[in-house]
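Single-structure report; data block below.
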Amino acid sequence: MSVAEFAEVRGVSRQRALAMIKSGQIVAQRVGRSWVIEQAEVNQRVANRRPLSPRMAGLLVNAMSGNEPGGIDAQERFFLSKYVERLRNNDDPLRLLYSWMRGRQIRVVDVAANVADIAEIAADSRVAASGISDPRAGLSAAGEFEGYIAAADLDGFLRDNLLVESVSPNIRLRVVAKRPPEPVGLGLVIADLVDWNRPREDGRALELLKGIEWRR
């Protein structure tokens with residue numbers, strides 16, 4: 001599917017579709033001078049809200065992780081409480097969360113690795129396991145890995161582990177300015193599961209959302 005066709009189906013501009021490719025929100029391949037988008041990308045969850053600022057996204061992740069919202073001013077506390085309330089009462093919290101949390105990472109890089117090497121790759125200190133690879137997700141994902149990596153470490157990590165971008169990946173790297181400490185916050189695990197837009201991950205994300213002990 002061409003960029004123009006994808007943009008028409010998804011109801012976005014061609015420029016927006018190109019930006020989504022660049023940021024890693026959708027997977028595409030270069031064919032000559034053009035981008036070709038996989039049909040499966042059309043079925044991905046569609047954002048229905050603007051993303052939160054990185055600051056507010058971090059505060060929401062902290063709240064979803066069951067932590068006290070410390071170190072924030074009155075205005076931030078007010079808006080955070082509103083976001084939490086909307087998330088708890090929304091009929092489609094996963095879509096809302098997907099929309100809000102898109103700014104939590106610089107981009108997403110999907111790469112392929114030999115399944116036999118995934119355990120060693122996951123043990124690399126430059127990545128922090130999250131999403132399907134976090135034990136709290138309760139999912140069996142031995143043939144896949146998902147985690148966070150600092151932008152400064154990405155090239156070396158890919159080179160050292162002989163990883164290449166692929167249309168059939170089994171490793172998802174979420175590139176951020178600074179790698180979060182392990183274990184990552186539960187809020188990140190939930191947001192990562194939502195991004196997959198697969199029944200298994202969606203079901204687990206909903207369970208984790210319902211189990212959050214929200215702090216005030």
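The values are calculated or read from the model by the stated rules, or taken from the named source; none is laboratory data. The structure displayed is predicted, hence computed values, not measured ones. Heads up: the accessible areas ignore ligands, DNA and RNA and are worked out on the full protein's heavy atoms, side chains in. Shrake-Rupley method; radii C 1.70, N 1.55, O 1.52, S 1.80 Å.
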| message | Per DSSP helix of 4 or more residues, -39500 (n - 2.57); summed, then divided by the residues of the chain. What does that give at 222 nm, rounded to the nearest 500? | response | -12500 deg cm²/dmol
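Suppose we keep just the DSSP beta bridges with both residues in the chain; what percent of those would be antiparallel, to 5?
Working: 15 of 21 bridges.
The antiparallel fraction comes to roughly 70 percent.
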| said: Accessible area per residue for the chain in Å², computed with a 1.4 Å probe and the full protein assembly in place, what is it? | reply: 53
| request: Whenever you get a sec, line up ARG30, ARG215 from highest to lowest accessible area (probe 1.4 Å, protein heavy atoms). | output: ARG30, ARG215
| query | Calculated from the structure, Rg/Rh (Cα atoms, Kirkwood Rh) equals which of (i) 1.09; (ii) 0.99; (iii) 0.96? | reply | (iii)
| query | Highest GNM mean-square fluctuation, the chain, Cα pairs closer than 10 Å: which of VAL111, VAL127, VAL36? | reply | VAL36
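Determine the share of the chain's accessible area contributed by carbon and sulfur atoms, expressed in whole percent, with a 1.4 angstrom probe. Write down the numbers at each step before the final one.
On the way: 5720 of 11470 Å².
The computed percentage sits at 50.
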